[in-house]
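Here is the structure we will look at.
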Amino acid sequence: MDERSIIAQAIMSKKIHVPTVAELLAQGEKPDILFWVGCAGSFDERAQKVTKAFVKILHHVGLKYAILGTEETCTGDPAKRAGNEFLFQMQAMANIATLNAYEITKIVTTCPHCFNTIKNEYPSLGGSYDVIHHTQLLQNLIDEGRLTFGKDPFNGRKITYHDSCYLGRANGVYDAPRKILEALDAELIEMKRCRKNGLCCGAGGAQMFKDAEQGKKEINIERSEEAISTGAQIISANCPFCTTMIRDGVKHAQKENEVEVLDLAELVAKAKDL
Amino acid sequence: MRYIEQFLFVVVLGVAIYFFTQKIKQIRRNIFLGKAESINDQKSLRWKIMAKVALGQSKMVVRPVAGFFHILIYVGFILINIEVLEIIIDGVVGTHRSLAFLGSIYNIAIGFFEILAVLVLIACVVFLARRFIIKIPRFHSPEMKGWATQDATYILVIEMVLMAALLQMNAVDQLLQEKGADHYIAAGSFPISHYLTGLFTGYNTASLVILERTFWWFHILGILFFLNYVPYSKHLHIFLAFPNTWYSRLKPAGEFTNMPEITNEVNLMLDPSKADPNMPPPEKFGVNDITDLSWKNILDAYSCTECGRCTSSCPANLTGKKLSPRKIMMDTRDRAETLGKAKDENGLDYHDGKSLHDLISQEELLACTTCNACVEACPININPVEIIFGMRQYQTLEKSAMPSEWAMMNNNIENNQAPWQFSPSDRANWTNEV
Ligand code: SF4
Ligand code: SF4
């Protein structure tokens, strides 16, 4: 074999195949957990990076997961929050029909909006699943010893953490993301407004999809300034929309060369060199 | 003379209680102008929440300075009002310090009440200073202009006047006890009013009796006036904080209730076997007026103490948008009062043709990120988001009044299964790049 084909093979072998539920079913199998990718994670370039990082972690720990692929559709969250309950329920019913047909019982998602909607708003429409957010899954993997890190993967780098509204206040998940940072040996510097008092990034409630009303300031700039003022080199987040909003805020402050905005899945993938 | 006084007292007390209960009945009726909703699951948890949040003030102390002084006023006011019991007995029966037979317990209690009275006075001064000298911003938002600030000021001033009357009454009483005046038995201890006796030393017994009676009457009339002022005021929270926390929402804050009337419509379209064909098509979707809210939302509005903690944590308000969750609650209460009054005058079926949307603009409704910071901040678990969200649903579903970007987003979801204009067949393209 010449050198080129060895490299090509190496690249090929590093390539991960992401299975769909339909594919597994064709082989007579079922995933242990469904990875709900979400619209941002599927289409938005920035959020795709998080999706990929997460899939690499799933692959690395050897979880039997699958995605719905093109059978996945918007959960309906932005429609609902924009007041269009009709469209929301249409979306929800369609998704529930798919999930139930595949007998899905456990779902993990990298988007706290999908997480909240499927977990809290699908059950009364006939879709009850055990839904977890990816930070909770990562914390479990760490606790079970399935995900370990070498000494000081982040070398005590200063990291701050932004609580998304839909993971934090909406569902009371504050500790899982922080435990991941702890495992990464990062120096967590909290913002003044954190946990229950965390400040919104400005994207929730379908705000992501329209301009803000008239005011003195954009919400994401207010939040990004607070995050930057901690002196952290990395702002960690758990939501594709928060990540976008804060990244824009960091750019606005012209700090994009000093401060990185990363999802916790990206931090973990980085620490593992995945 | 004493009999006339007793007679007068009974009449005044009766009138005060009558008007108070009338107003409370009216408020109750206004609250139930809202839609019926049964909230009585998980009773033991509800009692716990009430004990912790209302009685224990757990969310007040999140802001330590305000929390501390509020507890002073709260504890002081409740305990001192135990004395009202004695005042009422004395007033009706014509006795003086009728509970003095409790002996040393009584003496300790009276002394303790005096100390509390001073603490309440101090707290009131601090609160006035926070409003008018330090000028804490949340007390000076646009919705606080006029009545809202007057109301807050009246309450603080009335409380101060009541405490001052109590202390002066005790001061004169002491002098009368020392003089061995008829009817004024030696009872009580006066660690504070003791220092006030100097104000009244020059008077003879007859004048002192008149003074003592004046302060006594002033004190009880003040309390009865206050009782009747409270239902018109933000001070109603001293009663409603308790039921309001008991009826707290227990579901996750992120869960927005699915509208059952829409579920039925959707089922009729997708799977008629699941639909209830006898369910009449809904008259309207979302919240137009307070009658479309749950009664709990209106209870929230009547319980709101206008402290503005919600507004001061609201990301929209903090960045200069028009939305203020406190204003949402104030407008809801105002609307309930207006519609209630109109119904009193014209019959229960009457509707004045106005709505909550006349008070709350679309600009306010659109600015909400549904972040729940206001719900978290509220010391008595009020939920402004439910009202905002219900009104937004009305705008979207009934009026199709929404920003064009949202219309586009909805279109995309409907046609492309994502809020953006991507082809659904590209959804899994990212898998080729892992
Ligand atoms: S939920 Fe809406 S009203 Fe409440 S704090 Fe957040 S943005 Fe403001
Ligand atoms: S809703 Fe709650 S936090 Fe807001 S002003 Fe009323 S009492 Fe205060």
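Below are the figures for this structure:
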quantity	calculated
Helical segments meeting 15 Å axial Cα length and Kyte-Doolittle 0.5 threshold in chain A (DSSP H)	A:85-101
Cα-based convex hull, chain A, per residue volume (Å³, whole number)	152
Inter-label distance, nm, simple model (7 Å from Cα along the C-beta direction), B:ILE122/B:THR257	4.6
Listed residues B:ILE87, B:ILE223 arranged by accessible area, highest first, probe 1.4 Å	B:ILE223, B:ILE87
Inter-chain shielding of A:68-81 (mean C-beta neighbours from other protein chains, 10 Å cut-off)	5
Förster radius 60 Å - calculated FRET efficiency between B:SER425 and B:LEU348 (Cβ-Cβ, nearest 0.05)	0.55
Accessible surface buried upon A-B contact (total; probe 1.4 Å; Å², nearest 100)	5600
Probe 1.4 Å, accessible area per residue of chain B, Å²	46
Those chymotrypsin sites (Phe, Trp or Tyr not before Pro) in the stretch B:22-68 that DSSP places in a loop and that have at most 16 other beta carbons within 10 Å	B:PHE32
Heavy-atom accessible area ranking, 1.4 Å probe, most first, across A:LYS56, B:LYS35	B:LYS35, A:LYS56
Packing-based order for B:345-353, A:83-91, using average beta carbon neighbours within 10 Å, highest first	A:83-91, B:345-353
Too-long pairs where the Cα-Cα distance tops 28 Å, listed order kept, from A:LYS216/B:LYS284; A:LYS30/A:LYS80; A:LYS52/A:LYS106	A:LYS216/B:LYS284; A:LYS30/A:LYS80
Carbon and sulfur %, accessible surface of the protein assembly as shown computed with the full protein complex present, 1.4 Å	58
Mean separation of Cα contacts under 8 Å (6+ apart) over length of chain A, as relative contact order %	18
Debye equation applied to the C-alpha atoms of the stretch B:238-383, log10 I(q)/I(0) at 0.18 Å⁻¹	-1.16
Amide H contacts under 5 Å for B:SER294, placed H, 5+ residues apart	B:LYS35
Relative frequency of Cα-Cα separations exceeding 21 Å in the stretch A:149-271, percent	34
At least 30 Å² accessible surface lost relative to isolated chain, residues of the stretch A:160-199 (1.4 Å probe)	A:TYR166, A:ARG169, A:ALA170, A:LYS196, A:LEU199
Trypsin sites (Lys or Arg not before Pro) lying in DSSP loop within the stretch B:265-368, provided at most 16 other Cβ fall within 10 Å	B:LYS284, B:LYS354
The stretch A:121-226: GluC sites (Glu not before Pro) in DSSP loop, at most 10 other beta carbons within 10 Å	A:GLU144
Two-decimal log10 I(q)/I(0) for chain B, as the Debye equation yields it once each C-alpha is a single scatterer, q = 0.06, 0.09, 0.11, 0.13 Å⁻¹	-0.36, -0.71, -0.96, -1.21
Of the DSSP H helices in chain B, those whose Cα atoms cover at least 27 Å axially and whose Kyte score averages 0.5 or more	B:2-31, B:104-132, B:147-178, B:205-229
Efficiency of FRET between B:SER104 and A:ARG195 - r from beta-carbon atoms, R0 51 angstrom, step 0.05	0.55
The protein assembly as shown - mean residue ellipticity at 222 nm from DSSP helices (-39,500 (n - 2.57) per run, n ≥ 4, rounded to 500)	-16500 deg cm²/dmol
Between the stretch B:278-327 and the stretch A:191-215, the alpha-carbon center distance in angstrom	18
Bins of 10 Å from zero: percent of alpha-carbon pairs in the protein assembly as shown	3, 13, 20, 21, 16, 11, 8, 5, 2, 1, 0, 0, 0
Peptides ranked, highest mean first, by Cβ atoms within 10 Å: ranges B:175-182, A:132-139, B:355-362, A:168-175	A:132-139, A:168-175, B:355-362, B:175-182
Per-residue average of Cβ from other chains inside 10 Å of A:217-230	2
Average beta-carbon neighbours from other chains, 10 Å sphere, peptide A:31-40	2
Positive-end residue, the stretch A:62-207 charge dipole about Cα centroid, Cβ charges, pick of A:TYR129, A:VAL173, A:GLY202	A:GLY202
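The values are calculated or read from the model by the stated rules, or taken from the named source; none is laboratory data. All figures in this text were calculated on a predicted structure; none of them were measured in a lab. Glycine also receives a Cβ, built like all others from the backbone with ideal geometry; neighbour counts cover every protein chain displayed. All accessible areas refer to the heavy atoms of the entire protein, side chains included, with ligands and DNA or RNA removed. Shrake-Rupley method; radii C 1.70, N 1.55, O 1.52, S 1.80 Å.
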